[in-house]
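Only one structure is covered here, and it is reproduced in the block below.
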Amino acid sequence: MVQPGNVDENKRATLRRFAVLGAATPLTKLADGNHSGERSEARDAIAGYVTTTPGAHFSKVRDDLQLGTGETQHHLRQLVELGVVESHRDGDYRRFFPSGQFSAFEQVALSYLRRDTPRGMMIELLRNPDATGGDLATALDVSRPTVSKYAADLDEKGLLSREDGYAVRHPETLITLLVRYADSFDANAETFAAEAANLISFDP
């Protein structure tokens, strides 16, 4: 059984780890001059977390940092107002990104990479461009209708082509995002990142 004191200490350690990253963010440093009151460890932690986990939605930020709902809302609102963080509506979610670092397409791509099934589909197609809908369903242990549904969404958002089978659009961008933020996704993404050098062609 985990003792309450251990839970609190784990929370503090998590906040301190991300707060170091947030405090080092240039925009956060600039924002300090426009923000009254003492430096907030929670605010810095959220800024650091969004930097390392771009595209995370509100609940993930709150839960991973073990913060309260009101506390998270307050600090995210401040960070958006100060221009440190920007947000993007994704269906029922609002996703957060460090300001000015990602194009509109990259924000959409990261939003879908934060979802298990679309991320798995794109990784599988990057590994095996000839994969069919059935292949994807088997590899991800989901139904064919689930694959078809997400394929339609990804096609509409410009991430996938369904003209002749399935093909990832802008694969270099997707690979770059998967490699750069692999440890913020899952073990499959980390394995893919280790293999990615073999998927990128270099033509000087």
Residues of segment 156-167 classified as surrounded by fewer than 16 Cβ atoms within 10 Å (Cβ to Cβ) and in contact with a Lys or Arg (Cβ under 8 Å, 6 or more places away or on another chain), total: 2
Selection status of Ala137, more than 18 Å from the chain's Cα centre (by Cα) and at pLDDT 95 or above: yes
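Residue-wise test of (1) in a strand (DSSP E or B); (2) in contact with a Cys (Cβ under 7 Å, 6 or more places away or on another chain); (3) open to solvent by 30 Å² or more (accessible area, probe 1.4 Å); (4) modelled with pLDDT of 95 or more.
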residue: Gln73; (1), (2), (3), (4): no, no, yes, yes
residue: Gln78; (1), (2), (3), (4): no, no, yes, no
residue: Glu86; (1), (2), (3), (4): yes, no, yes, yes
residue: Arg89; (1), (2), (3), (4): yes, no, yes, no
residue: Phe96; (1), (2), (3), (4): yes, no, no, yes
residue: Ala109; (1), (2), (3), (4): no, no, no, yes
residue: Met122; (1), (2), (3), (4): no, no, no, yes
Odd one out for Asn34, checked against (1) modelled with pLDDT under 95; (2) under 19 Å from the mean Cα position of the chain (by Cα): (2)
Residue in segment 138-179 that is nearest to Leu113 (Cα to Cα), counting only those that are assigned to a loop (DSSP other than H, G, I, E, B) and small (Gly, Ala, Ser): Gly158
Test: residue in segment 50-71 that is in a helix (DSSP H, G or I), among the polar types (S, T, N, Q) and more than 19 Å from the chain's Cα centre (by Cα): yes
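The values are calculated or read from the model by the stated rules, or taken from the named source; none is laboratory data. Values in this document were obtained by computation on a predicted structure and should not be read as measured data. Cβ sites come from the backbone with ideal geometry, for glycine too, and all protein chains shown count toward neighbours. Ligands, DNA and RNA are stripped out before the accessible areas are found, and what is left, the full protein with its side chains, is counted by its heavy atoms. Shrake-Rupley method; radii C 1.70, N 1.55, O 1.52, S 1.80 Å.
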